[in-house]
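Engineer: Sharing a structure here in structure tokens format.
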Amino acid sequence: MSIQASIEDKLQALEPTYLQVENESHMHNVPADSETHFKVTLVSPRFQGLMPVKRHQQIYAALAEELSGPVHALALHLYTPEEWQARGGGRPDSPHCRGGGGS
């Protein structure tokens with residue numbers, strides 16, 4: 001199973017109404033086909049009433065194995081359904097990496 005598929009599978013435990021896991025490794029100075037840099041956008045009612053740090057802690061706990069090994073960077077955009085709707089279903093773009101393969 002790819003690292004991206006493993007992340008997607010494990011995050012199902014948070015009962016997302018929307019989940020997008022993007023492999024952004026190609027934007028960094030890593031070998032081709034790497035799975036080291038990811039952006040996660042996750043919308044879940046389970047985030048209701050939780051401060052951002054508590055939301056992040058839930059992700060870190062779910063992905064402890066990946067974060068202790070192959071995953072070097074993880075950008076998190078975590079919303080309740082109401083927050084997601086208020087944003088119009090949008091999340092910030094990732095900045096360009098200095099030294100990335102695509103720059």
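Engineer: How do 76-83, 44-51 rank on mean C-beta neighbours within 10 Å, highest first?
Structural biologist: Numbers: 76-83: 16.6, 44-51: 14.1.
Put in order of decreasing packing, that is 76-83, 44-51.
Engineer: Let me ask you something else. If I model a spin label at Gln4 and Glu22 as a point 7 Å from the Cα along the Cα→Cβ vector, what separation in nanometres do I get?
Structural biologist: 1.2
Engineer: Counting Lys +1, Arg +1, Asp -1, Glu -1, what net charge surrounds Thr41 among other residues with beta carbon under 14 Å of its beta carbon? The partial results should precede the final answer.
Structural biologist: Values: positive: Lys39, Arg55, Arg87, Arg91; negative: Glu8, Glu22, Glu24, Glu83, Asp93.
That works out to -1.
Engineer: Something else about it: Which is farthest toward the positive dipole end of region 3-86 among Tyr60, Ser6, Pro70, measuring Cα position about the Cα centre, with Cβ charges +1 (Lys, Arg) and -1 (Asp, Glu)?
Structural biologist: Result: Tyr60.
Engineer: Net charge near Ile7: determine it from the other residues with C-beta under 12 Å of the C-beta of Ile7, scoring Lys and Arg +1 and Asp and Glu -1. Numbers along the way, then the final one.
Structural biologist: Working: positive: Lys10, Lys39; negative: Glu8, Asp9, Glu22, Glu35, Glu65, Glu66.
It works out to a net charge of -4.
Engineer: Here's another thing I want to ask about it. I need to check one value: relative contact order of region 3-86, counting alpha carbon pairs closer than 8 Å and at least 6 residues apart, in percent.
Structural biologist: Over region 3-86, the number comes to 33 percent.
Where a number appears in this text, it was derived from the coordinates with a stated rule and is not lab data. All values reported here derive from a predicted model rather than from experimental measurement. Neighbour counts run over all protein chains shown; Cβ positions are idealised from the backbone, glycine included.
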